[in-house]
Amino acid sequence: MYKNNIKSVILHILFKSNNILCTVTTIKGSTLFWISAGSKKYCGAKKITLTVIISMLKTILEYFIKLKIKNIHINLNGFNKHKRVVLKYFKYSFINILSITNNTKFPHNGCKNLKKQYI
């Protein structure tokens, strides 16, 4: 199978308001592995706690060890106060981080709509 020849992958982490989704893809974009806080059998407000994030990252790291993946690109989306924990966790592991991107879209009140003229 081609999965043993993979040198680097992309780790997409999406922080939602009530869930966390992690997807591991190849450089071309095909999905290899995914995990969410709901699939770890957590429910409600427990899904976005620090312990759940660390348990998810341990599962992802075990997957990387199984496939012998050494290099990753990290793609972060969404808002959460534990984003730095994700980066520190992979920094102190054996994996080389090639790039970190933060694609969080945050509106800064942008353009205003024109007021209607009443005649």
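Probing with 1.4 Å while keeping every protein chain in the model, the per residue accessible area of the chain equals 72 Å². Relative to the dominant Cα principal axis of the chain, helix 50-67 is inclined by about 50°. Length, then width, then depth: along the principal axes, the Cα atoms of the chain run 71, 33, 26 Å.
The residue among S8, N109, L87 whose Cα reaches farthest toward the positive pole of the charge dipole of the chain, with charges on the beta-carbon of Lys, Arg, Asp and Glu, is N109. For F79, the accessible surface of its heavy atoms amounts to roughly 130 Å² (probe 1.4 Å, protein chains only, rounded to the nearest 10). The spread of Cα positions in the range 63-119, taken along each principal axis and listed from longest to shortest, comes to 71, 20, 17 Å.
The 1.4 Å probe gives accessible areas that order Y92, Y118, largest first, as Y118, Y92.
Here the sum of -39500 (n - 2.57) over DSSP H runs of 4 or more residues, divided by the residues of the chain, equals -7500 deg cm²/dmol at 222 nm, to the nearest 500. Among beta bridges from DSSP that stay inside the range 6-119, the antiparallel ones total about 45%.
The values are calculated or read from the model by the stated rules, or taken from the named source; none is laboratory data. Just so we're clear, the structure is a prediction, and the values are computed from it rather than from any experiment. All Cβ positions, even for glycine, are placed from backbone atoms using ideal geometry, and neighbour counts span all protein chains on display. Remember, those area values only see protein heavy atoms, side chains included, never the ligands or the DNA or RNA. Shrake-Rupley method; radii C 1.70, N 1.55, O 1.52, S 1.80 Å.
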